[in-house]
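Input: a single structure, listed below in structure tokens.
The values are calculated or read from the model by the stated rules, or taken from the named source; none is laboratory data. Note that the structure is predicted; figures quoted are calculated from it, not measured. Here the Cβ positions follow ideal geometry from the backbone for every residue, glycine too, while neighbour counts run over all protein chains shown. We work out accessible area using only protein heavy atoms, side chains counted, and drop any ligands, DNA or RNA first. Shrake-Rupley method; radii C 1.70, N 1.55, O 1.52, S 1.80 Å.
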Amino acid sequence: MELEIKREKIVLRAGTQKFEWHIEPRYWRNPFIYIGILLLATVLVYFFSPQTLPTLVDANLLAAIAIPLGWMTVGTGRMNFGPQFYIGAGGYAAALCSIHLGWPPAVTLLVTLVVGLMFGLLMSPLSIIAGGLYYTLLTLLFPLVFLEITFIYTDIFKGDTGLSGISPFLSGGSYTTNQLMICLLSLFIMLLYMFIVDKIMRSKFSASLAAINDDEEVAEAMGVNVKKIKVISFAIPAMMIAVIGWFYAHYYTTFSGISYLPLTFMLKVLMVSMIGGRVQIYGNVVGGYFIAFLELFLISVVGDMATVLFPVILLVLLLSLPEGLFGLYRKRRYREYLPTLHVRR
Amino acid sequence: MPEILRVNGVSKHFGGLMAVNDVSFTINAGETLGLMGPNGAGKTTLVNLITGKYIADSGDIQFMGHDITKMAPYKRCKLGISRTYQIPRPFPELTALMSVAVSALYGKDRVNQGLEDAATEATHYLEFCGLFSKRNVLGKDLTLYELRGLELARALATTPKVIFVDEVMAGLNPGEAMKAVRLLERAKEEFGVTILWIEHVMAALMKAAQRVVVLHYGKKIAEGPPQDIANDPYVIECYLGSCHA
Ligand SMILES: Nc1ncnc2c1ncn2[C@@H]1O[C@H](COP(=O)(O)OP(=O)(O)OP(=O)(O)O)[C@@H](O)[C@H]1O
Ligand SMILES: [Mg+2]
């Protein structure tokens, strides 16, 4: 293990492997601007319309689900239609530990990470065995089966009503200030996920992900250990998504599978991905905010009909925007899984 | 010439069809071995068995002292076996440069190689195959001739010992086909690879190959220097379609 800090990059050598991390301040401007806008928006909302803060939290969390899901989609070459399974697993793990053992959020987070990773690893062989429609159906089915289980073992999961009495992130203090802090935490998680996945999509690991996404068989013939990469790309995003369940549990202090496990929730996540463009990390942020505010708007206008309208909107999006809203904006460029190499002239 | 690959009585069936039936042959280091046979003779299936897409029902395959009969495809690649596809299979959403970089990165366990090192290496193979100017074109936007070049570049980038070339001339016009054949010859000179070359067109193999193996209905029906094969009455009969193996 050897760390070398050069002018424009950090090079980490471990054994026979080399990892490069480019630090190029000339590329820092845009990320800083975007983060600045998001922070500013949060603070403005806090001052002028604090009752909208929960919508921002929703937006951040939706994006934070869609971002690792994008990694999972590319790395396994398949679309997982049941990410909410991990939200359920993470949420219930956190809730049960908090209620029965009285553990604070920081500790339940560790439990959630372990549980999420465990379920991810357990289910990752699915991406090797099943493909196409079977994979879609199976991943769609798991959250629903989980939901059934929460009803069968009502004494543990408290079925319909859900678990309550989970310790909140912050107790005491003013309500709106707490809301702001929680909103910032959700923003932090989202940005952290974006940072992690972005780094991965720019590393040499991404070459194998992109190859698997395009043609598994050829990738394997060219020396890519497809199974290993699929397991990694399944289990770690699953763990990241489970953390969102942890967040929901401590945020609402109640957790019931019925809010997250049914298809309606998945539909929202799917729409975030659709609007963002299938594997556009930055697009997911646009998608998350768009969907969260669209939901707010629809509920205020049509009430319960919103749940009916969502699938219709999804259908329209599918037909009209195959590359997503964000994709429209960068339509004239190739979908870059990998950075084009910038040559200094 | 030392033997590099040995195929021992390998068979593979799909349902009731014996696609490859008890085939044995060897490849020597540095040679070009031709593999011929009419449509559906089992040539591609044989390559799939050696490169690991399918596992043989019986028989075994030895590569440089390793038994690779049941080895995972990526491990075979790392040992030095590479291939091209009869119908080119590019990575549709990757640029030519990145497709080749994938091979350069993963074809062998290399010491201290980053993505950029791999990309630099990939340009070398692209340049060799005459595709440097197409480096930023997506796989799905390349022409058939360019795809053949890309397939070869990708195979070479894994720094293989043996390349299995599944038809380079099919679908190309005579001028392009000539260039493709020359490219293969140059690859052999420059990188010192051994080639197993599948081709329908006998004439091409006559010039390039030192030995030729002929398959028919999954069985090996002849093996030897190209001239002998060309004059073998049984082989000629099979190509005309009147023999029953
Ligand atoms: N995956 C498969 N499932 C079922 N049958 C198969 C499969 N792959 C090949 N076959 C059959 O095995 C036989 C041999 O096919 P193969 O592709 O090896 O022939 P080939 O010699 O490469 O022919 P060509 O010259 O047309 O490329 C054919 O009859 C084909 O239909
Ligand atoms: Mg064939």
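Give me the accessible area per residue for the protein assembly as shown, probe 1.4 Å, as a whole number in Å².
I get 45 Å² per residue for this part.
Chains A and B: buried accessible surface, both sides, probe 1.4 Å, rounded to 100 Å²?
So the total buried area for this chain pair works out to about 3000 Å².
Mind ranking A:TYR134, A:TYR260, A:TYR153 by accessible surface for me, highest first, 1.4 Å probe?
A:TYR134, A:TYR153, A:TYR260
Add -39500 (n - 2.57) for each DSSP H run of 4 or more in chain B, then divide by its residues: what number comes out at 222 nm, to the nearest 500 deg cm²/dmol?
-11500 deg cm²/dmol
For the range B:91-159, give the percent of accessible area contributed by carbon and sulfur heavy atoms, probe 1.4 Å, rounded to a whole number.
52 percent
So, in nm, how far is label A:VAL145 from label B:ARG186 when the simple model puts each one 7 Å beyond its Cα toward the Cβ?
5.6 nm
For the range A:1-155, just say rounded, prolate or oblate: build the C-alpha gyration tensor, square-root its eigenvalues into a ≥ b ≥ c, call rounded for a/c under 1.5, and beyond that prolate if a/b exceeds b/c, oblate if not.
It comes out oblate by the Cα gyration axes.
For peptide A:221-234, how many partner chain Cβ atoms fall within 10 Å of a residue's Cβ, on average?
Across the residues of A:221-234, the mean count of other-chain Cβ atoms within 10 Å is 6.
Lys/Arg Cβ at +1, Asp/Glu Cβ at -1, dipole of the range A:169-240 taken about the Cα centre: which of A:TYR175, A:ILE236, A:PHE195 is farthest positive-ward?
Highest projection toward the positive end goes to A:TYR175.
So what's the projected area for chain B, the Cα convex hull averaged over all directions, in nm²?
Seen from a random direction, the Cα hull of chain B projects 13.3 nm² on average.
DSSP H helices in chain A with Cα extent of 15 Å or more along the helix axis and mean Kyte-Doolittle hydropathy at least 0.5?
The qualifying helices are A:29-48, A:53-76, A:84-101, A:105-123, A:132-152, A:175-202, A:226-252, A:263-276, A:281-302, A:306-320.
Where nothing but the Cβ of Lys and Arg (+1) and of Asp and Glu (-1) is charged, how large is the charge dipole of the range B:153-245 around its Cα centre, in debye to the nearest 20?
Value, rounded to 20: 260 debye.
For the Cα atoms of chain B, what angle does the longest principal axis make with the long axis of helix B:96-106, in degrees from 0 to 90, nearest 10?
Its long axis makes an angle of about 80 degrees.
In whole percent, and with a 1.4 Å probe on the protein chains, what portion of the accessible area of the range A:65-130 is carbon and sulfur?
Of the solvent-accessible surface of the range A:65-130, carbon and sulfur hold 83 percent.
Can you give the FRET efficiency to the nearest 0.05 for A:ILE10 and A:THR176, using r as the Cβ-Cβ distance and R₀ = 25 Å?
0.05
Across the residues of B:86-92, average count of Cβ atoms on other protein chains within 10 Å?
3
If R0 is 35 Å, what FRET efficiency do you get for A:ILE258 and B:PHE14 from their C-beta distance, rounded to 0.05?
FRET efficiency, A:ILE258 to B:PHE14: 0.15.
Highest mean first, what order results for A:96-106, A:192-202, A:234-244 on Cβ atoms within 10 Å?
Sorting A:96-106, A:192-202, A:234-244 by mean packing, highest first, produces A:234-244, A:192-202, A:96-106.
With a ≥ b ≥ c the root eigenvalues of the C-alpha gyration tensor of chain A, is it rounded (a/c under 1.5), prolate (a/b larger than b/c) or oblate?
Rounded, because the longest to shortest axis ratio a/c is under 1.5.
Given the protein assembly as shown, report the % of alpha carbon pairs whose separation exceeds 33 Å.
The share of Cα pairs beyond 33 Å in the protein assembly as shown comes to 52 percent.
Using a simple spin-label model with points 7 Å from Cα along the Cα→Cβ vector, what separation in nm is obtained for A:LEU319 and A:LEU122?
Distance between the two pseudo-spin positions: 4.1 nm.
Label A:SER49 and A:TYR153 with points 7 Å out from Cα along Cα→Cβ: what is the distance between them in nm?
4.3 nm
Can you tell me the length gained on complete extension of the stretch A:ARG26 to A:ALA130, counting 0.36 nm per residue apart and subtracting the Cα distance?
33.1 nm
May I ask you to derive the FRET efficiency for A:THR307 and A:GLU2 from their Cβ-Cβ distance with R0 = 60 Å, giving the value to the nearest 0.05?
Computed FRET efficiency for A:THR307 and A:GLU2: 0.60.
Rounded if a/c is under 1.5, else prolate if a/b beats b/c, else oblate: with a ≥ b ≥ c from the C-alpha gyration tensor eigenvalues square-rooted, which is the range B:150-219?
Because a/c hits 1.5 or more and a/b fails to exceed b/c, the range B:150-219 counts as oblate.
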